[in-house]
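**Q** I'd like to ask some things about the structure below.
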Amino acid sequence: MLKNNLIISKRFFISWETIFDEANLRQDIQKTEKEINEDSFWDNNQDAQEIFNRLSEKKKKLDTITSIRAIEEDILAYYDLCSTDPSLGNDSELQSDYEGMINEFSEQVSNLENKSLLSGPYDTYNAYINFNAGAGGTDAQDWTEMLLRMYVRWFEKRQFKVDILDKTVGDEAGIKSATCLVSGELVYGYLKYEQGIHRLVRQSPFNANSKRQTSFAGIEVIPQIDTTVSTVTLDPKDLKVDTYRASGAGGQHVNKTDSAVRITHIPTGTVATSQASRSQASNKETALSLLKSRLLIIMQEEKNQEVSKLKGEQKENAWGNQIRSYVLHPYKLVKDLRSNHETSNVQGVLDGGLDAFVESLLRMKKDDKA
């Protein structure tokens with residue numbers, strides 16, 4: 001059994017390297033490093049920062065390829081060992097070691113393949129993710145809080161850092177809105193297709209008759225632009241700054257203080273808020289960073305007409321505009337309406353099991369571009 005598995009694995013090893021062109025990657029890294037050393041490199045700070053981010057990801061990719069190759073060599077050594085001594089094919093301890101290495105190998109190759117799907121201009125950036133309750137009253141506000149919990153759990157599973165910058169609690173339950181800053185490797189790349197309307201169908205816990213209720217919540221994803229190298233300048237006369245008491249039931253994420261800050265860009269009506277810190281100055285700095293990211297995206301949308309690529313079309317949080325449906329009653333099913341990926345393990349998804357949905361969308365988008 002072990003020998004047969006090893007033969008299959010060896011065929012796979014021979015082919016996996018064709019997916020990732022290591023030689024070309026090394027040449028690309030050398031070329032980029034040479035470009036960075038040019039005197040004119042910093043003439044455009046924003047472009048320079050993007051090149052640095054991309055170089056960092058390429059180096060991480062090369063490190064992963066090196067790690068995969070080391071695992072491959074160990075597994076092929078087992079193959080050669082079993083070829084010289086067939087009796088080892090029945091060794092249970094050897095089988096266990098082999099399966100462990102195969103699982104690690106497969107996981108690293110899969111992760112590397114997923115990262116290769118992320119080549120957009122902002123994919124290496126951190127991201128702001130906004131949650132807004134839509135149609136459905138109290139049920140919609142409860143659903144919005146469920147979505148926030150789901151994504152926070154997914155962020156934690158992927159070892160992303162998440163800071164809840166602002167949260168407005170619902171009138172009876174749940175939340176009306178929330179804004180998070182998510183930091184980590186390729187965050188915006190993984191999150192960008194999560195933007196849209198998420199629909200929930202369930203028996204309402206807020207109705208005495210437990211009637212079936214349909215609720216909606218909207219998600220917006222914005223790349224966190226490095227404002228130190230961005231082209232956005234703000235005239236203080238164009239800004240309205242309000243301070244208020246942070247809302248919420250407390251907890252580790254939201255500080256209930258008088259230091260929350262809301263900044264409105266008067267010419268565009270764009271708003272950014274933060275209540276993550278007990279320091280009003282810190283909250284103001286965070287809100288300004290979010291505001292600049294929003295405004296820069298708006299500027300680039302107007303210039304390049306790339307709304308669907310950068311920020312996405314803003315749609316009403318109601319019927320007909322959903323990207324994903326979560327049904328708890330009368331049956332259980334989560335289905336993405338774009339990739340058609342689905343699962344009946346609704347609770348697993350709500351507990352942060354989003355990888356399969358995210359990966360199916362990345363592959364679909366890559367196929368669309370092919």
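The values are calculated or read from the model by the stated rules, or taken from the named source; none is laboratory data. Note that the structure is predicted; figures quoted are calculated from it, not measured. Glycine also receives a Cβ, built like all others from the backbone with ideal geometry; neighbour counts cover every protein chain displayed.
**Q** Can you confirm whether segment 350-366 contains a residue that is in contact with a strand residue (DSSP E or B) (Cβ under 6 Å, 6 or more places away or on another chain), at pLDDT 90 or above and either over 22 Å from ALA217 (Cα atoms) or β-branched (Val, Ile, Thr) (or both)? Before you say what the answer is, go through the steps one by one.
**A** Just the residues of segment 350-366 that are in contact with a strand residue (DSSP E or B) (Cβ under 6 Å, 6 or more places away or on another chain), to begin with: 357.
With the extra rule that they be at pLDDT 90 or above, the set shrinks to 357.
Narrowing further to those that are either over 22 Å from ALA217 (Cα atoms) or β-branched (Val, Ile, Thr) (or both): none.
No, segment 350-366 has no match at all.
**Q** Now for a separate question. May I ask you to list the residues in segment 343-363 that are crowded, with 17+ Cβ neighbours inside 10 Å and charged (D, E, K, R)?
**A** Hit for segment 343-363 is GLU359, nothing else.
**Q** Filter segment 71-98 for residues that are under 17 Å from VAL109 (Cβ atoms) and of a type in the set (A, V, I, L, M); which is modelled with the highest pLDDT?
**A** ILE71
**Q** I'd like to verify a number: residues in segment 203-218 that are of a type in the set (A, V, I, L, M) and either more than 31 Å from the chain's Cα centre (by Cα) or assigned to a loop (DSSP other than H, G, I, E, B) (or both), how many?
**A** Here is the first cut: in segment 203-218, the residues of a type in the set (A, V, I, L, M) are 208, 217.
Cutting the leftovers down to either more than 31 Å from the chain's Cα centre (by Cα) or assigned to a loop (DSSP other than H, G, I, E, B) (or both) gives us 208.
Of the residues in segment 203-218, 1 are of a type in the set (A, V, I, L, M) and either more than 31 Å from the chain's Cα centre (by Cα) or assigned to a loop (DSSP other than H, G, I, E, B) (or both).
**Q** Looking only at residues in segment 27-75 that are over 20 Å from ASP123 (Cα atoms) and of a type in the set (Gly, Ala, Ser), which one is surrounded by the most Cβ atoms within 10 Å (Cβ to Cβ)?
**A** Looking at residues that are over 20 Å from ASP123 (Cα atoms) and of a type in the set (Gly, Ala, Ser), I get SER67.
**Q** Would a scan of segment 29-47 turn up a residue that is of a type in the set (S, T, N, Q), closer than 20 Å to SER116 by Cα and part of a helix (DSSP H, G or I)? Walk me through it before giving the result.
**A** Step one: filter segment 29-47 for residues of a type in the set (S, T, N, Q), giving 30, 32, 37, 40, 44-46.
Filter once more, keeping what is closer than 20 Å to SER116 by Cα: 30, 32.
With part of a helix (DSSP H, G or I) added as a condition, the list becomes 30, 32.
Within segment 29-47 (the criterion being of a type in the set (S, T, N, Q), closer than 20 Å to SER116 by Cα and part of a helix (DSSP H, G or I)), the answer is yes, since at least one residue qualifies.
**Q** Tell me, please, whether a residue that is free of Cβ contacts under 8 Å to residues at least 24 places away in the same chain, in a helix (DSSP H, G or I), out of contact with any Asp or Glu (no Cβ under 9 Å at 6 or more places or on another chain) and assigned by TED's automatic domain parsing to the domain that holds ASP28 can be found in segment 108-128.
**A** no
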